[in-house]
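Chemist: The structure under discussion is supplied below as structure tokens; questions concerning it will follow.
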Amino acid sequence: MLLSALNGFVKDSPEPDREPEDIEQEVQQEFCSILEQYEGSKRRTAPSIPSFYKPKAKANSVGTLVKREAKRRKEQETLLLSEDELRQIWYMMEELGSYNDSGDEVRINYDGFSQVLTRCRECFGPQIEPYFKAPVFLKFERDGNGCISANQFLNYLNLRTTMHQNRLELSAFDPDNTGSLTTEQLEEYVKSLVPQVSALSDMQPSFLKDYGRIAVRKLLFFHGKNGAVRIRDLVNSIVLQELNELKNNQLQEHQLISNWFSFQSTQRVYKTFLALDEDMNGLLSRTEFSAISNGTMSPLFISRIFEEHVMRMRVVQGRTVHRDEMDLMAFTDFVLAWDHRTHPAAIKYFFDLFDLKKQGVITPVELYIFFKEIHHMWVHVMHEYADLSIYDVVDEILDMVKPKVTARIAPEDLAASGMSGIFFSMLSDVKQFYDYNYRENLMHQDDDSGSS
């Protein structure tokens, strides 16, 4: 196009009797003019290139808050049943059904079930219909008269309402509709509950950040993958149910202490970490961490915790070094794993420590290596009898777990045996082995103290 335009310019211009420099300057000016016209037409006709990257909005930006509120209102189009509404439904089912012979349960057939739907539609609107569809009725066990338990159905309604409420609240912190919540989004969700829960309302603002970090570790430990948790895994989670229990204003002090998400529980974890951190650098060395058990955990077990769950590579002044100190989050994960040694998440956490060869199984060799240290502490720390046979204990452990493949313990074997708590305890802590070894004597002591 440019070439043809320049050729036309030369043909249309007569050959003047001018200096070559003047002619060259005129051609250069014409070229620049044609080029500008060409570029302008290209900009006007070129299609817009779509954006391939859209940065995520900040957690508390105006845009995020607006999207969160819009999503919450849209979700509320589906009916959430209040306690009063559930009570009304119960009265309808009680009226249209009949009590069983023992008088402790209301039974209702499909005709009565449909009549309850008609009344509920008039009281609550069409949003109630999904709860009363025929497939829902058929989910419940029916007796010889085709009746289901109204009590069980009301429990179902209560559960569905709770699940939907959980989904609604969690989804509000997922503005991009990914179906998952990141660690940061979970922290925002948990911290948003603080003003609503009387048991947390007295929390000092200075502790709020650490509270959020400690609290969400349980959600991540039991349900997390790659630093995020799927909302569908949380909506009916026992862990989330524990968090929701804090909304009950009638909880006693001992109930608050045992609830992971309470101020008392998170403070316990935080203060324990600070007490162990002797040099106050915000990290625990292996020596500092060993004080958590008053020196009864074996050095090998502690080393394996740091190797598997603490050590990270980082670059310092061009050199790759290992961080060999435990931060608050890694410490919290250990506390969760130790307190729930029979849970599948804890089994995975500890199994990696004992699987020295990374074969997916624990053999008698690993059992011998770990218990040899316990045996040494048994003699020199607990001052017990030295003729305790390591091989006998290894055989006892294998007999206790009963692996499917002889002498090869897999995570599934530990879960199926129900003995993972004892398994990990006796191979890691000499005091735990002492309690196991003398369990019958300790039981008799408890009985004697109870009778006296």
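The values are calculated or read from the model by the stated rules, or taken from the named source; none is laboratory data. For clarity, every value in this text was computed on a predicted model and none was experimentally measured. Here the Cβ is made from the backbone with ideal geometry for all residues, glycine too, and neighbour counts use every protein chain on show. Note: accessible area is taken over every heavy atom of the protein model, side chains too, but ligands, DNA and RNA are not part of it. Shrake-Rupley method; radii C 1.70, N 1.55, O 1.52, S 1.80 Å.
Chemist: Is it true that ASP176 is in contact (Cβ under 8 Å) with a residue 24 or more places away in the chain and not in a helix (DSSP H, G or I)?
Modeler: Working: in contact (Cβ under 8 Å) with a residue 24 or more places away in the chain: yes; not in a helix (DSSP H, G or I): yes.
It is true that ASP176 is in contact (Cβ under 8 Å) with a residue 24 or more places away in the chain and not in a helix (DSSP H, G or I).
Chemist: Can you pull out the residues in region 155-183 that are buried (at least 17 other Cβ atoms within 10 Å of the Cβ) and under 19 Å from VAL116 (Cα atoms)?
Modeler: Within region 155-183, LEU157, THR161 qualify.
Chemist: Scan region 118-139 residue by residue and report those that are among the hydrophobic types (A, V, I, L, M, F, W, C), loosely packed, with under 15 Cβ neighbours inside 10 Å and without any contact (Cβ under 8 Å) to a residue 24 or more places away in the chain. Explain how you work it out, then say what you get.
Modeler: Of region 118-139, the ones among the hydrophobic types (A, V, I, L, M, F, W, C) are 120, 123-124, 128, 132, 134, 136-138.
After this cut, where a residue has to be loosely packed, with under 15 Cβ neighbours inside 10 Å as well, the list is 123, 134, 138.
Passing the criteria: only LEU138.
Chemist: Any residue in region 96-113 that's outside the structural domain of LEU154 (by the TED database): show its pairings with residues that are of a type outside the set (Phe, Trp, Tyr) and open to solvent by 40 Å² or more (accessible area, probe 1.4 Å) at Cβ separation under 9 Å, as long as the two are six or more apart or on different chains.
Modeler: If the second residue must be of a type outside the set (Phe, Trp, Tyr) and open to solvent by 40 Å² or more (accessible area, probe 1.4 Å), no pairs are left.
Chemist: Which members of region 344-364 meet the condition of being closer than 14 Å to ALA415 by Cβ and open to solvent by 50 Å² or more (accessible area, probe 1.4 Å)?
Modeler: PRO344, LYS348
Chemist: Which residue pairs have Cβ atoms under 6 Å apart, sit 6 or more places apart or on different chains, and have a first residue in region 245-269 that is assigned by the TED database to the domain that holds VAL190 and a second that is open to solvent by 70 Å² or more (accessible area, probe 1.4 Å)?
Modeler: Correct list of pairs: GLN264/ILE257.
Chemist: Let me ask you something else. Inspect region 247-257 for any residue being at pLDDT below 95 and closer than 21 Å to LEU168 by Cα and give the result as yes or no.
Modeler: At the first step, the residues of region 247-257 found to be at pLDDT below 95 are 247-257.
Retained after the next criterion (residues that are closer than 21 Å to LEU168 by Cα): 247-248.
Yes, some residue in region 247-257 is at pLDDT below 95 and closer than 21 Å to LEU168 by Cα.
Chemist: Go through (1) assigned to a helix (DSSP H, G or I); (2) within 26 Å of ILE292 (Cβ to Cβ); (3) of a type outside the set (A, V, I, L, M, F, W, C); (4) touching a residue at least 12 places away in the same chain (Cβ under 8 Å) and name the single condition TYR391 misses.
Modeler: TYR391 satisfies all of (1) assigned to a helix (DSSP H, G or I); (2) within 26 Å of ILE292 (Cβ to Cβ); (3) of a type outside the set (A, V, I, L, M, F, W, C); (4) touching a residue at least 12 places away in the same chain (Cβ under 8 Å) except (2).
Chemist: Now, a different point. Give ILE214, ILE231 a once-over and let me know the one that is in contact with a strand residue (DSSP E or B) (Cβ under 7 Å, 6 or more places away or on another chain) and closer than 19 Å to GLU188 by Cα. Don't jump to the end; show me each part of the working.
Modeler: Numbers: ILE214 fails: in contact with a strand residue (DSSP E or B) (Cβ under 7 Å, 6 or more places away or on another chain).
Selected residue: ILE231, the only one of ILE214, ILE231 that is in contact with a strand residue (DSSP E or B) (Cβ under 7 Å, 6 or more places away or on another chain) and closer than 19 Å to GLU188 by Cα.
Chemist: Residue by residue through region 194-242, note down the ones that are open to solvent by 10 Å² or more (accessible area, probe 1.4 Å) and aliphatic (A, V, I, L, M).
Modeler: Across region 194-242, the qualifying residues are VAL194, ALA199, MET203, LEU208, LEU220, ALA228, ILE238, VAL239.
Chemist: Got a number for residues in region 323-348 being free of Cβ contacts under 8 Å to residues at least 60 places away in the same chain and either among the polar types (S, T, N, Q) or in a helix (DSSP H, G or I) (or both)?
Modeler: 4
Chemist: I would also like to ask the following. Consider GLN115 against the criteria (1) surrounded by fewer than 15 Cβ atoms within 10 Å (Cβ to Cβ); (2) more than 30 Å from GLU188 (Cα to Cα); (3) out of contact with any strand residue (DSSP E or B) (no Cβ under 7 Å at 6 or more places or on another chain): it satisfies all of them except one. Which criterion is unmet?
Modeler: Here GLN115 meets the rest and fails (1).
Chemist: State which residue is farthest from ILE347 (Cα to Cα) when the search covers only region 402-429 and only residues that are over 29 Å from the mean Cα position of the chain (by Cα) and open to solvent by less than 80 Å² (accessible area, probe 1.4 Å). Full working, then the answer.
Modeler: Quick first cut of region 402-429, residues over 29 Å from the mean Cα position of the chain (by Cα) only: 402-408.
Remaining after also requiring open to solvent by less than 80 Å² (accessible area, probe 1.4 Å): 403, 407.
Values: PRO403: 15, ALA407: 18 Å.
Only one residue tops the list, namely ALA407.
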